[in-house]
Every structure is written in C-alpha cells, then in structure tokens.
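The values are calculated or read from the model by the stated rules, or taken from the named source; none is laboratory data. Here the structure is a predicted model, which means the values were calculated and not measured. Note: ideal-geometry Cβ built from the backbone for every residue, glycine included; neighbour counts use all protein chains shown.
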Amino acid sequence: MHDIKPPLQILLLGAQNENQEVKVNKNIAISESGFIFNPGTGDSFSTNSIGQEVIRMLNEGKTRDEITQGILGRYEVEKGILEKDLDDYFFMLGTYHIVHNG
C-alpha cells in the first residue's frame, strides 16, 4: 500500500489553470478513513484528512481555485505553500491514475 499524504500545508496535476477541472476516475473506491483503491491497477493508497477533503471537493466538481479558497478558509496556511502542495498532490494523484484532467 502506498501513502499519499499531503502535509498541512496541503497538496493536487501540475500548476495548470486554476479553473481547470480535475476529476476523480470513476472506478476509484475511496473509504471514509482515507483508503483509496484503484481496481484497474490493484494499487491501494492512503491519504490524510486534508487529502480526503481535497478528493471530496473534486467529487463535488470544485475547481482548483475553489479548492484553494476552501482550504485557505479552514486552515492557517500561506497561499503560496498551499498552491505548491496542491500541485504536488495533484501530480501524485495523476501519476497513480486516481484523477485525470476533465
């Protein structure tokens, strides 16, 4: 099992357009405890509560900018650090075929 844990500072598929849509792949199973399973590859992952929150917002159709603003409104983190961490997290999620650009 792989760990996908954004620091808090946070974490998301490259520093693309803030309003570019990123979607969770349909076959991905995500538990309430942060366990992520990709049945296409057989890989399993875990993420922390902030990573879960980001994935939940993606499932709600939120844009990158909306996710950034939502995290900034709930946690004490510098915007620049958050944006870098989101870039890293999205890249990681994309690498493991958890998300794709919509």
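Of the residues making up the stretch 35-60, those that are assigned to a helix (DSSP H, G or I) and of a type in the set (S, T, N, Q) are SER49, GLN52, ASN59. Considering the stretch 38-53, and only residues there that are in contact with a Gly (Cβ under 9 Å, 6 or more places away or on another chain) and not hydroxyl-bearing (Ser, Thr, Tyr), the residue that is surrounded by the fewest Cβ atoms within 10 Å (Cβ to Cβ) turns out to be ASN48. The condition (being within 19 Å of ASN25 (Cβ to Cβ) and not small (Gly, Ala, Ser)) is satisfied by just one residue among ASN101, ASN48: ASN101. Residues in the stretch 88-97 that are part of a helix (DSSP H, G or I) and farther than 15 Å from ARG56 by Cβ: ASP88, PHE91, MET92, GLY94, THR95. Taking residues in the stretch 64-88 that are loosely packed, with under 12 Cβ neighbours inside 10 Å, and partners anywhere that are among the aliphatic types (A, V, I, L, M), the pairs with Cβ atoms closer than 7 Å and at least 6 places apart or on different chains are LYS79/LEU72.
Has the stretch 71-87 got any residue that is out of contact with any Cys (no Cβ under 6 Å at 6 or more places or on another chain), at pLDDT 90 or above, among the basic types (Lys, Arg) and not in a helix (DSSP H, G or I)? Looking through the stretch 71-87, none of the residues is out of contact with any Cys (no Cβ under 6 Å at 6 or more places or on another chain), at pLDDT 90 or above, among the basic types (Lys, Arg) and not in a helix (DSSP H, G or I).
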